[in-house]
Structure formats: structure tokens, C-alpha cells
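*Asks:* Encoded as C-alpha cells, here's the structure I'll be asking about.
The values are calculated or read from the model by the stated rules, or taken from the named source; none is laboratory data. Quick caveat, the model's predicted, so the values are computed rather than measured. Counting neighbours? That spans all protein chains shown, and the Cβs are built from the backbone with ideal geometry, glycine included. The protein model used for the area step is the full one, side chains on, heavy atoms only, and it has no ligands, DNA or RNA in it. Shrake-Rupley method; radii C 1.70, N 1.55, O 1.52, S 1.80 Å.
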Amino acid sequence: MNPEIQKLKHSFWMSVLWIVLLLAVVTGSTYAWFTFAGRTSTNVTPMGGSISEGDSVLLISNASGGPFDKTCNLVLTGNPESLSPISTADLQHFFTATAQNKEGITVLYQNVDGRVDQAAVHGTVYLKCQNAPCNVYFDRENLNLGSDGQALAAMRLGLRITSNSGTQTFLFQLNSLGATGNAQTVRTIARASAVVSAIAGGGQPSYVDDPALDISEFMAQAGANENEYNPGARSLVTLQADEVATVEYYLYLEGCDEQCSNAVQNRSSELALAFAGVDAQGE
């Protein structure tokens with residue numbers, strides 16, 4: 001047989017074998033999912049009229065024009081029945097795994113920007129510091145992202161906050177909100193503590209260091225009196241008197257997290273966002 005024909009045949013069958021192996025990898029992969037129990041009836045509770053001098057109160061609304069009050073109903077952009085693993089470095093682009101190798105390491109991803117509302121809890125609220133400037137923090141007492149340790153270890157809360165001073169993006173790890181020490185760990189990417197930032201044309205990922213911060217640093221501290229708070233270590237945003245900030249939020253499973261494995265399947269959670277304001281003039 002002509003050596004060139006033999007070479008072509010060999011290349012053809014190697015290509016077929018690679019396609020078969022790739023299909024086997026895809027169909028053999030299992031991915032975590034997470035049942036969300038909060039849904040649209042959940043209230044956001046910003047117990048944030050928390051100014052030591054009593055000059056200002058932090059109010060919330062699900063519409064930019066109000067009405068603003070101490071609570072508002074949660075209005076989701078989508079209505080997911082469960083959370084599915086996705087990965088993001090910036091809340092702009094989102095990726096989900098499509099293939100793993102035989103060691104369980106993800107090798108291919110696809111972009112799911114247009115379908116993120118099917119995988120994550122996503123919506124927008126608006127915050128207003130009435131009467132005087134204030135710095136905004138989370139209110140730990142009323143913030144509720146569930147208590148399941150495996151879920152808290154695997155989940156992220158993402159915020160994109162737009163105010164007069166610009167737009168800031170935050171990704172938060174939630175481990176400090178519960179007992180996550182016994183969460184099961186499985187490596188599913190080629191490097192540790194990383195997330196997907198981009199993919200090549202074939203789906204090969206580019207990773208960056210996980211930018212998520214410890215959410216506990218952004219908690220206001222309870223004051224001596226009811227509805228009074230003291231500054232936390234870091235604020236989310238500073239608002240001027242009667243300024244309205246847009247807070248876009250995402251609650252999602254970080255698919256590259258080592259706790260985001262089959263162990264998190266069929267977990268459930270609630271969602272109550274809670275913010276507190278501390279008088280910026282009094283800090």
C-alpha cells in the first residue's frame with residue numbers, strides 16, 4: 001500500500017478515536033447542582049437605619065425610582081429552579097464545563113453569558129442614604145445565604161455596585177457564614193484557587209487567581225443601641241445624601257472551587273440580602 005495512503009488512514013482513525021474518547025469524557029462527566037429555596041418571595045432586609053448620630057437612614061427598593069423603604073421584595077432577572085456550576089472572574093463573562101479528562105480535571109468550557117440567569121440567582125436592588133452621607137456594609141444579623149456548609153463553601157455572592165463615584169465589582173467567598181470545615185474537597189481544574197477568565201476557540205480555558213474576598217470583612221458591627229451599627233473593616237460603597245446606588249447581585253456556584261463537586265447536589269438555601277449604613281460624617 002502507498003505509504004501516503006497508509007499515513008492518511010492512520011491519521012483518520014486516530015481522529016475518530018479522539019472524537020470517541022472526547023464524547024466518552026463528555027457523557028461520563030457529572031456536575032453539581034444546587035436547589036434554591038428562596039425564590040421571588042424572599043425579602044431583602046436592610047436593617048440599615050444605623051447611624052450613631054441618627055442623621056441618616058439606609059433605604060432599599062427594587063426600582064430605581066422607589067418607593068424606598070426598610071425592606072423590598074426580591075425581583076429576579078431569571079427564575080432558576082437550581083444553581084448550576086459556572087465560573088467567572090468579573091461578573092461579565094461566565095463559563096461552564098463541557099468536558100473532563102479521566103482524572104476528573106475539566107479541559108473544555110463554553111461561554112454561557114446569555115444563559116447565566118438559568119444557572120444563578122440574579123437581580124438588582126437600589127440603595128439610598130436618606131438625609132446624610134453613609135458608608136454601606138452588609139448587615140450580618142439579617143443577611144441569610146443559608147447554613148449548609150458544603151453549599152456555603154462552593155457558592156459565591158457577586159455584587160456590581162454603581163454609584164456616583166463609578167462601578168465596583170465584588171466577588172465574595174461565603175465560608176465565614178457557616179461551618180464549612182467538613183465540606184468535601186475535590187480538585188476539578190488543573191490549578192488551585194483559580195477561576196476561568198476566558199476560553200479559546202476550542203473551549204480551552206485561561207485561568208486567573210480567584211478574586212473572591214472574605215465577606216466577613218464587609219460586615220457592619222452591631223452598636224450599643226437597636227438599629228445602630230459601627231463601621232466594619234471595609235465598606236461596599238460610600239453614598240452621599242439621598243444618592244441612589246444600583247446593586248446588581250449574583251448568587252452562584254463557583255464551578256472551579258474545590259468544594260463544588262457532586263457533594264453539593266440537592267442542597268438548598270435561602271436568600272435574604274441585608275445592608276447596613278454607617279454615618280460617613282461620624283466615622
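*Asks:* Do the conditions hold for Gly66, that is, is it part of a loop (DSSP other than H, G, I, E, B), at pLDDT below 90 and either over 29 Å from Gly202 (Cβ atoms) or touching a Gly at 6+ places or on another chain (Cβ under 6 Å) (or both)?
*Replies:* yes
*Asks:* Looking only at segment 88-111, which residues are assigned to a loop (DSSP other than H, G, I, E, B), open to solvent by 10 Å² or more (accessible area, probe 1.4 Å) and of a type outside the set (Lys, Arg)? Please lay out each step first, then the result.
*Replies:* Within segment 88-111, the subset assigned to a loop (DSSP other than H, G, I, E, B) is 88-94, 101-105.
Restricting the remaining residues to those that are open to solvent by 10 Å² or more (accessible area, probe 1.4 Å) gives 89-90, 92-93, 101-105.
Passing the criteria: Ala89, Asp90, Gln92, His93, Asn101, Glu103, Gly104, Ile105.
*Asks:* For segment 261-277: of the residues being open to solvent by 10 Å² or more (accessible area, probe 1.4 Å) and not small (Gly, Ala, Ser), which is modelled with the lowest pLDDT?
*Replies:* My answer is Glu270.
*Asks:* Right, next: Listed residues Gln204, Gln221, Gln240; which is in contact with a Leu (Cβ under 8 Å, 6 or more places away or on another chain) and among the polar types (S, T, N, Q)?
*Replies:* Gln204
*Asks:* Select from segment 192-225 the residues that are of a type in the set (Val, Ile, Thr) and farther than 18 Å from Gly255 by Cα and list them in ascending order. First the steps, then the outcome.
*Replies:* The initial filter retains those residues of segment 192-225 that are of a type in the set (Val, Ile, Thr), namely 195-196, 199, 208, 215.
Hit for segment 192-225 is Ile215, nothing else.
*Asks:* Take the residues in segment 208-243 that are part of a strand (DSSP E or B) and in contact with a Cys (Cβ under 9 Å, 6 or more places away or on another chain); name whichever of them is most open to solvent (accessible area, probe 1.4 Å).
*Replies:* Thr238
*Asks:* Within segment 173-193, take every residue that is in contact with a Ser or Thr (Cβ under 9 Å, 6 or more places away or on another chain) and open to solvent by less than 50 Å² (accessible area, probe 1.4 Å) and give me the one that is farthest from Ala151 (Cα to Cα).
*Replies:* The residue in question is Ile189.
*Asks:* While we're on this one: Condition first: open to solvent by less than 40 Å² (accessible area, probe 1.4 Å), assigned to a strand (DSSP E or B) and more than 25 Å from Ser193 (Cα to Cα). Now tell me which residues in segment 139-164 satisfy that.
*Replies:* Ser163
*Asks:* Follow-up question, since we're still on this one. For segment 196-215, name all the residues that are of a type in the set (A, V, I, L, M, F, W, C) and in contact (Cβ under 8 Å) with a residue 60 or more places away in the chain.
*Replies:* Val196, Ala198, Ile199, Val208, Ile215
*Asks:* Now a separate question. Before we move on, is Gln184 touching a residue at least 40 places away in the same chain (Cβ under 8 Å), part of a helix (DSSP H, G or I) and not small (Gly, Ala, Ser)?
*Replies:* Spelling it out, it is not the case that Gln184 is touching a residue at least 40 places away in the same chain (Cβ under 8 Å), part of a helix (DSSP H, G or I) and not small (Gly, Ala, Ser).
*Asks:* Continuing with this model, one more query. Please pick out the residue among Glu254, Glu258 that is in contact (Cβ under 8 Å) with a residue 12 or more places away in the chain, open to solvent by 20 Å² or more (accessible area, probe 1.4 Å) and either farther than 21 Å from Phe95 by Cα or of a type outside the set (Lys, Arg) (or both).
*Replies:* Within the list Glu254, Glu258, the selection yields Glu258.
*Asks:* How many residues does segment 112-138 hold that are of a type outside the set (D, E, K, R) and either assigned to a helix (DSSP H, G or I) or without any contact (Cβ under 8 Å) to a residue 60 or more places away in the chain (or both)?
*Replies:* Going through segment 112-138 one residue at a time, the tally reaches 4.
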